[in-house]
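Novice: I have a structure here, written as C-alpha coordinates, and I will follow up with some questions on it.
The values are calculated or read from the model by the stated rules, or taken from the named source; none is laboratory data. Computed from a predicted structure; not experimentally measured. Glycine gets a Cβ as well: all are built from the backbone with ideal geometry, and neighbour counts include every protein chain shown. Ligands, DNA and RNA are stripped out before the accessible areas are found, and what is left, the full protein with its side chains, is counted by its heavy atoms. Shrake-Rupley method; radii C 1.70, N 1.55, O 1.52, S 1.80 Å.
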Amino acid sequence: MSRIAYVDGVYLPRSQAAVSIEDRGFQFADAVYEVWSVFGGRLADLDGHLVRLQRSLRELAIPMPMTRASLLIVLKELIRRNKIYNGMVYLQISRGVAARDHFFPENSFPTVVITAKSVDFVAAAKKAEAGIKVITVEDNRWGRCDIKTVGLLPNCMAKEKAKEQGASEVFFFDRDGMVTEAGSSNAYIINQKGEILTRSLEANILAGITRFNLIDIAKELGIPVIERAFSVDEAKVAREAFVTAATAFVMPVVQVDNCVIGNGKPGDIVTRLRAAYIEKALKSAI
Ligand code: PLP
(Lines give C-alpha, C1' and ligand atoms only; values in the text may rest on other atoms or scores of the structure.)
Protein backbone atom coordinates (compact mmCIF):
# COMPACT_ATOMS: atom_id res chain seq x y z
CA MET A 1 0.00 0.00 0.00
CA SER A 2 1.45 3.36 -0.94
CA ARG A 3 1.66 5.53 2.14
CA ILE A 4 0.37 9.07 2.10
CA ALA A 5 2.15 12.06 3.61
CA TYR A 6 0.97 15.61 4.17
CA VAL A 7 3.27 18.47 3.12
CA ASP A 8 2.12 22.09 3.35
CA GLY A 9 -1.54 21.55 2.59
CA VAL A 10 -1.16 18.67 0.12
CA TYR A 11 -1.66 14.92 0.62
CA LEU A 12 0.64 12.94 -1.63
CA PRO A 13 2.38 9.55 -1.90
CA ARG A 14 5.37 9.44 0.38
CA SER A 15 7.71 8.79 -2.53
CA GLN A 16 6.73 12.19 -3.93
CA ALA A 17 6.71 14.05 -0.60
CA ALA A 18 9.60 16.50 -0.36
CA VAL A 19 10.72 19.81 1.09
CA SER A 20 13.15 22.38 -0.29
CA ILE A 21 16.90 21.98 0.21
CA GLU A 22 16.72 25.48 1.69
CA ASP A 23 14.27 24.44 4.36
CA ARG A 24 15.66 25.55 7.72
CA GLY A 25 14.75 22.21 9.23
CA PHE A 26 17.27 20.64 6.83
CA GLN A 27 19.87 23.44 7.04
CA PHE A 28 19.85 24.21 10.78
CA ALA A 29 17.57 21.66 12.54
CA ASP A 30 15.40 24.78 12.96
CA ALA A 31 12.27 22.71 13.47
CA VAL A 32 10.17 21.05 16.14
CA TYR A 33 8.23 17.81 16.12
CA GLU A 34 5.59 15.79 17.93
CA VAL A 35 4.61 12.14 17.90
CA TRP A 36 1.20 10.76 18.77
CA SER A 37 0.40 7.14 19.34
CA VAL A 38 -2.65 5.83 17.51
CA PHE A 39 -4.87 3.32 19.32
CA GLY A 40 -7.67 1.76 17.29
CA GLY A 41 -7.52 4.63 14.78
CA ARG A 42 -7.67 7.28 17.52
CA LEU A 43 -5.02 9.70 18.80
CA ALA A 44 -3.71 9.23 22.33
CA ASP A 45 -2.95 12.30 24.45
CA LEU A 46 -4.07 14.67 21.72
CA ASP A 47 -4.07 17.79 23.86
CA GLY A 48 -0.88 17.09 25.80
CA HIS A 49 1.14 16.87 22.58
CA LEU A 50 -0.61 19.90 21.05
CA VAL A 51 0.11 22.05 24.08
CA ARG A 52 3.79 21.00 24.06
CA LEU A 53 3.98 21.66 20.31
CA GLN A 54 2.70 25.19 20.83
CA ARG A 55 5.23 25.73 23.61
CA SER A 56 8.13 24.43 21.48
CA LEU A 57 7.11 26.76 18.63
CA ARG A 58 6.75 29.71 20.99
CA GLU A 59 10.21 29.13 22.49
CA LEU A 60 11.69 29.33 18.97
CA ALA A 61 9.45 32.19 17.79
CA ILE A 62 8.02 30.04 14.99
CA PRO A 63 4.36 30.92 14.37
CA MET A 64 1.81 28.10 14.66
CA PRO A 65 0.94 27.67 10.95
CA MET A 66 -2.55 26.22 11.36
CA THR A 67 -5.38 26.25 13.84
CA ARG A 68 -5.90 23.39 16.27
CA ALA A 69 -9.10 22.44 14.41
CA SER A 70 -7.38 22.31 11.01
CA LEU A 71 -4.47 20.35 12.41
CA LEU A 72 -6.81 17.83 13.98
CA ILE A 73 -8.59 17.36 10.65
CA VAL A 74 -5.26 16.65 8.92
CA LEU A 75 -4.04 14.25 11.64
CA LYS A 76 -7.32 12.30 11.40
CA GLU A 77 -7.36 12.37 7.61
CA LEU A 78 -3.83 10.99 7.47
CA ILE A 79 -4.81 8.16 9.82
CA ARG A 80 -7.77 7.45 7.54
CA ARG A 81 -5.86 7.62 4.26
CA ASN A 82 -3.10 5.38 5.59
CA LYS A 83 -5.62 3.00 7.17
CA ILE A 84 -3.84 3.12 10.52
CA TYR A 85 -5.45 1.10 13.29
CA ASN A 86 -2.53 0.90 15.73
CA GLY A 87 0.45 3.09 14.98
CA MET A 88 1.85 6.57 15.21
CA VAL A 89 1.60 10.00 13.63
CA TYR A 90 4.71 12.17 13.23
CA LEU A 91 4.44 15.94 12.77
CA GLN A 92 7.29 18.30 12.01
CA ILE A 93 7.12 22.07 11.70
CA SER A 94 10.18 24.00 10.56
CA ARG A 95 10.70 27.74 10.34
CA GLY A 96 10.32 27.36 6.58
CA VAL A 97 12.32 28.00 3.44
CA ALA A 98 14.82 30.86 3.18
CA ALA A 99 18.25 31.54 1.67
CA ARG A 100 20.77 30.03 4.07
CA ASP A 101 21.61 32.58 6.74
CA HIS A 102 21.86 32.08 10.48
CA PHE A 103 19.56 35.03 11.25
CA PHE A 104 15.89 34.12 11.43
CA PRO A 105 14.33 35.06 8.07
CA GLU A 106 11.64 37.71 8.12
CA ASN A 107 9.25 36.40 5.52
CA SER A 108 9.42 32.63 5.69
CA PHE A 109 6.30 30.57 6.32
CA PRO A 110 6.57 27.40 8.44
CA THR A 111 6.85 24.08 6.61
CA VAL A 112 4.48 21.39 7.90
CA VAL A 113 5.18 17.71 7.27
CA ILE A 114 3.00 14.96 8.71
CA THR A 115 3.40 11.21 8.25
CA ALA A 116 1.69 8.19 9.77
CA LYS A 117 2.60 4.55 10.04
CA SER A 118 1.26 1.32 11.50
CA VAL A 119 3.00 -0.21 14.49
CA ASP A 120 2.79 -3.89 15.39
CA PHE A 121 1.44 -3.62 18.95
CA VAL A 122 1.78 -7.40 19.41
CA ALA A 123 5.52 -7.25 18.67
CA ALA A 124 5.79 -4.20 20.96
CA ALA A 125 4.05 -6.15 23.75
CA LYS A 126 6.51 -9.03 23.29
CA LYS A 127 9.41 -6.58 23.54
CA ALA A 128 7.93 -5.21 26.77
CA GLU A 129 7.49 -8.72 28.18
CA ALA A 130 11.22 -9.32 27.72
CA GLY A 131 12.30 -5.81 28.76
CA ILE A 132 15.14 -3.83 27.19
CA LYS A 133 18.81 -3.20 27.91
CA VAL A 134 20.20 0.30 28.27
CA ILE A 135 23.75 1.59 28.35
CA THR A 136 24.80 4.74 30.18
CA VAL A 137 26.19 7.60 28.07
CA GLU A 138 27.39 11.06 29.05
CA ASP A 139 24.76 13.67 28.23
CA ASN A 140 26.44 16.03 25.77
CA ARG A 141 23.28 17.60 24.36
CA TRP A 142 22.55 21.33 24.19
CA GLY A 143 20.97 23.20 27.09
CA ARG A 144 17.41 23.41 25.73
CA CYS A 145 16.28 19.79 25.69
CA ASP A 146 12.93 21.03 27.02
CA ILE A 147 12.17 22.12 23.43
CA LYS A 148 11.26 19.18 21.21
CA THR A 149 13.49 20.09 18.27
CA VAL A 150 14.65 17.80 15.48
CA GLY A 151 18.27 18.46 16.54
CA LEU A 152 18.71 14.88 17.73
CA LEU A 153 22.22 14.00 16.56
CA PRO A 154 23.62 13.35 20.08
CA ASN A 155 20.59 11.13 20.76
CA CYS A 156 21.17 9.23 17.50
CA MET A 157 24.89 8.79 18.27
CA ALA A 158 24.15 7.54 21.78
CA LYS A 159 21.47 5.13 20.58
CA GLU A 160 23.76 3.85 17.83
CA LYS A 161 26.38 3.12 20.51
CA ALA A 162 23.69 1.25 22.47
CA LYS A 163 22.87 -0.81 19.40
CA GLU A 164 26.53 -1.73 18.92
CA GLN A 165 26.49 -3.07 22.48
CA GLY A 166 23.29 -5.08 22.08
CA ALA A 167 21.12 -2.53 23.90
CA SER A 168 18.23 -0.49 22.55
CA GLU A 169 18.19 2.64 24.72
CA VAL A 170 20.55 4.80 26.75
CA PHE A 171 20.42 6.47 30.14
CA PHE A 172 22.09 9.86 29.70
CA PHE A 173 24.01 11.03 32.78
CA ASP A 174 25.19 14.54 33.61
CA ARG A 175 28.57 15.73 34.98
CA ASP A 176 27.59 14.60 38.46
CA GLY A 177 26.80 11.06 37.31
CA MET A 178 23.06 11.66 37.71
CA VAL A 179 20.69 10.28 35.07
CA THR A 180 18.89 12.97 33.09
CA GLU A 181 16.66 11.01 30.71
CA ALA A 182 16.92 8.39 27.98
CA GLY A 183 17.81 8.75 24.28
CA SER A 184 14.21 8.99 23.09
CA SER A 185 12.26 8.55 26.31
CA ASN A 186 12.16 9.57 29.98
CA ALA A 187 14.04 7.42 32.51
CA TYR A 188 12.87 6.01 35.86
CA ILE A 189 13.99 3.57 38.53
CA ILE A 190 12.04 1.97 41.35
CA ASN A 191 14.14 1.74 44.49
CA GLN A 192 14.11 -1.03 47.09
CA LYS A 193 11.42 0.88 49.03
CA GLY A 194 9.12 0.66 46.01
CA GLU A 195 9.32 4.39 45.19
CA ILE A 196 9.53 5.61 41.61
CA LEU A 197 12.38 8.06 41.06
CA THR A 198 12.61 10.26 37.97
CA ARG A 199 14.48 13.47 37.18
CA SER A 200 12.56 16.65 37.88
CA LEU A 201 11.60 18.90 34.97
CA GLU A 202 13.96 21.55 36.32
CA ALA A 203 16.78 19.56 34.71
CA ASN A 204 17.61 19.81 31.01
CA ILE A 205 15.11 17.17 29.86
CA LEU A 206 11.98 16.91 27.77
CA ALA A 207 8.68 17.12 29.64
CA GLY A 208 7.34 13.82 28.34
CA ILE A 209 3.60 13.64 27.87
CA THR A 210 3.76 9.95 28.79
CA ARG A 211 5.77 10.90 31.88
CA PHE A 212 3.01 13.28 32.94
CA ASN A 213 0.36 10.56 32.59
CA LEU A 214 2.57 7.93 34.20
CA ILE A 215 2.99 10.04 37.33
CA ASP A 216 -0.80 10.43 37.57
CA ILE A 217 -1.34 6.70 37.11
CA ALA A 218 1.29 5.80 39.71
CA LYS A 219 -0.43 8.09 42.19
CA GLU A 220 -3.81 6.48 41.42
CA LEU A 221 -2.22 3.06 42.07
CA GLY A 222 -0.75 4.32 45.35
CA ILE A 223 2.86 4.03 44.15
CA PRO A 224 4.97 6.95 45.44
CA VAL A 225 6.73 9.09 42.83
CA ILE A 226 9.70 11.23 43.80
CA GLU A 227 10.93 13.72 41.21
CA ARG A 228 14.60 13.77 42.09
CA ALA A 229 17.85 12.93 40.34
CA PHE A 230 19.10 9.36 40.70
CA SER A 231 22.64 8.26 39.96
CA VAL A 232 23.91 5.66 37.52
CA ASP A 233 25.04 3.68 40.57
CA GLU A 234 21.51 3.78 42.02
CA ALA A 235 20.11 2.66 38.67
CA LYS A 236 22.41 -0.36 38.64
CA VAL A 237 21.06 -1.63 41.97
CA ALA A 238 17.44 -0.60 41.38
CA ARG A 239 14.58 -3.00 42.08
CA GLU A 240 13.04 -2.11 38.71
CA ALA A 241 13.69 0.39 35.95
CA PHE A 242 11.79 1.64 32.93
CA VAL A 243 11.44 4.33 30.28
CA THR A 244 8.37 6.07 28.89
CA ALA A 245 7.56 7.63 25.52
CA ALA A 246 4.46 8.07 23.36
CA THR A 247 5.33 5.10 21.17
CA ALA A 248 7.08 2.89 23.76
CA PHE A 249 4.39 3.53 26.43
CA VAL A 250 5.98 2.17 29.61
CA MET A 251 8.95 -0.01 28.65
CA PRO A 252 10.66 -2.14 31.32
CA VAL A 253 14.46 -1.97 31.54
CA VAL A 254 16.10 -5.22 32.65
CA GLN A 255 19.77 -4.34 32.28
CA VAL A 256 21.83 -1.17 32.81
CA ASP A 257 25.32 -1.54 31.32
CA ASN A 258 26.45 -4.93 32.66
CA CYS A 259 24.13 -4.94 35.66
CA VAL A 260 20.98 -7.03 35.56
CA ILE A 261 17.99 -5.35 37.19
CA GLY A 262 15.99 -7.52 39.59
CA ASN A 263 15.85 -11.04 38.24
CA GLY A 264 16.39 -9.91 34.66
CA LYS A 265 12.68 -9.84 33.87
CA PRO A 266 10.23 -6.92 34.04
CA GLY A 267 9.18 -6.40 37.65
CA ASP A 268 5.66 -6.40 39.11
CA ILE A 269 5.36 -2.64 39.51
CA VAL A 270 6.41 -1.71 35.98
CA THR A 271 4.17 -4.45 34.58
CA ARG A 272 1.19 -2.97 36.44
CA LEU A 273 2.10 0.55 35.32
CA ARG A 274 2.33 -0.49 31.66
CA ALA A 275 -1.07 -2.20 31.75
CA ALA A 276 -2.68 0.77 33.51
CA TYR A 277 -1.09 3.25 31.09
CA ILE A 278 -2.34 1.37 28.01
CA GLU A 279 -5.84 1.03 29.48
CA LYS A 280 -6.02 4.77 30.19
CA ALA A 281 -4.55 5.77 26.82
CA LEU A 282 -7.07 3.56 25.04
CA LYS A 283 -9.98 5.07 26.94
CA SER A 284 -8.94 8.67 26.40
CA ALA A 285 -7.85 8.40 22.75
CA ILE A 286 -9.79 10.73 20.44
N1 PLP B 1 12.78 12.37 26.18
C2 PLP B 1 13.23 12.37 24.91
C3 PLP B 1 14.65 12.78 24.66
C4 PLP B 1 12.39 12.01 23.85
O5 PLP B 1 12.85 12.02 22.59
C6 PLP B 1 11.07 11.60 24.13
C7 PLP B 1 10.16 11.22 23.05
O8 PLP B 1 10.42 11.40 21.89
C9 PLP B 1 10.64 11.59 25.46
C10 PLP B 1 11.52 11.99 26.46
C11 PLP B 1 9.25 11.15 25.82
O12 PLP B 1 8.30 12.11 25.47
P13 PLP B 1 6.78 11.68 25.20
O14 PLP B 1 6.35 10.87 26.38
O15 PLP B 1 6.06 12.96 25.12
O16 PLP B 1 6.76 10.88 23.95
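Novice: Which value does Rg/Rh take for the stretch 192-286 over its C-alpha atoms, Rh per Kirkwood?
Specialist: 0.95
Novice: Treat every Asp and Glu Cβ in the chain as -1 and every Lys and Arg Cβ as +1, leave all other atoms uncharged, and give the resulting dipole magnitude about the Cα centre to the nearest 20 debye.
Specialist: With only Lys, Arg, Asp and Glu charged at Cβ, the dipole is about 900 debye.
Novice: Moving to a separate point now. Round to the nearest 0.05 the FRET efficiency obtained for Phe104 and Arg55 when R0 = 22 Å and r is the Cβ-Cβ distance.
Specialist: For Phe104 and Arg55, the calculated efficiency is 0.75.
Novice: Which semi-axes, in whole Å and largest first, does the equivalent ellipsoid of the stretch 137-177 have when worked out from the alpha carbon gyration tensor as the square roots of 5 times its eigenvalues?
Specialist: Whole-Å semi-axes of the equivalent ellipsoid: 18, 14, 7.
Novice: Under a Cβ-Cβ cut-off of 15 Å, what is the net charge of the residues other than Glu227 that fall near it, where Lys and Arg count +1 and Asp and Glu count -1?
Specialist: On the way: positive: Arg199, Arg211, Lys219, Arg228; negative: Asp146, Glu181, Glu195, Glu202, Asp216, Glu234.
Every neighbour counted, the sum reads -2.
Novice: Between Ala275 and Gln16, how many nm apart are label points set 7 Å from Cα along the C-beta direction?
Specialist: Once both label points are built, they end up 4.8 nm from each other.
Novice: Return a whole-number percent for the relative contact order of the chain, with Cα pairs under 8 Å and 6 or more residues apart as the contact set.
Specialist: Across the chain, relative contact order equals 19 percent.
Novice: Beyond a 25 Å Cα-Cα separation, which of these cross-linked pairs lie in this structure: Lys127/Lys163; Lys163/Lys280; Lys76/Lys163; Lys83/Lys133?
Specialist: Checking Cα-Cα distances, Lys163/Lys280; Lys76/Lys163; Lys83/Lys133 exceed 25 Å.
Novice: So, one more: Output the 0 to 90 degree angle, nearest 10, between the alpha-carbon long axis of helix 209-220 and the longest principal axis computed from the alpha carbons of the chain.
Specialist: Compared with the principal axis, the helix lies near 40 degrees.
Novice: Something else about it: Expressed as an acute angle from 0 to 90° and rounded to the nearest 10, what is the orientation of the C-alpha long axis of helix 153-164 relative to the principal long axis of the chain?
Specialist: 50
Novice: How much length, in nm to one decimal, is gained on full extension between Glu129 and Lys265, taken as 0.36 nm per residue of separation minus their Cα-Cα distance?
Specialist: Once the chain is fully extended between Glu129 and Lys265, it gains 48.2 nm.
Novice: Where does the charge balance sit around Lys280 when Lys and Arg score +1, Asp and Glu -1, over other residues with C-beta under 12 Å from its C-beta?
Specialist: Result for the local shell: -2.
Novice: Separate question: Against the longest principal axis of the chain, how steep is helix 46-59, in degrees 0 to 90 to the nearest 10, with axes from Cα atoms?
Specialist: 70
Novice: If we restrict to alpha carbons, what Rg and Dmax does the chain come to, in Å?
Specialist: 19.2, 58
Novice: Cα atoms only, the stretch 55-146: Rg and Dmax in Å?
Specialist: Reported Rg and Dmax, both Å: 18.2, 51.
Novice: Next question. Would you mind giving the average projected area, over all directions, of the Cα convex hull of the stretch 1-109 in nm² with one decimal?
Specialist: 7.0
Novice: Quickly rank 168-181, 147-160, 222-235 as a protection proxy: mean count of other C-beta atoms within 10 Å, highest first.
Specialist: Listed from highest to lowest mean packing, they are 168-181, 147-160, 222-235.
Novice: How much length is gained on full extension from Arg80 to Lys117, taking 0.36 nm per residue of separation minus their Cα-Cα distance?
Specialist: In short, 12.2 nm is gained.
Novice: Using the C-alpha atoms of the stretch 155-203, what convex hull volume per residue, in cubic angstrom, is computed? Intermediate values should be presented prior to the final figure.
Specialist: Numbers: hull volume 5.1 nm³, N = 49.
Enclosed volume per residue, from the Cα hull, is 104 Å³.
Novice: I'd like to check one number: the per residue accessible area of the stretch 32-158, probe 1.4 Å, reported in Å² as a whole number.
Specialist: 50
Novice: If each Cα of the stretch 114-260 is one equal point scatterer, what is log10 of I(q)/I(0) from the Debye formula at q = 0.13, 0.18, 0.19 Å⁻¹?
Specialist: Per q value, in the given order, log10 I(q)/I(0) is -0.54, -1.10, -1.23.
Novice: Farthest toward the dipole's positive end in the chain, which of Ile79, Ala125, Ala203, given Cβ charges of +1 (Lys, Arg) and -1 (Asp, Glu) about the Cα centre?
Specialist: Ile79
Novice: So what are the radius of gyration and Dmax for the Cα set of the stretch 93-183, in Å?
Specialist: Cα-based Rg and Dmax for the stretch 93-183 come out at 17.6, 51 Å.
Novice: Carbon-plus-sulfur fraction of the accessible area of the chain, 1.4 Å probe, in percent?
Specialist: It is 55 percent, rounded to a whole number.
Novice: Now a separate question. Counting residues in the stretch 159-241 as N, plug N into 2.2 N^0.38 Å and put the Cα Rg over that result.
Specialist: Cα Rg divided by the expected 2.2 N^0.38 Å: 1.08.
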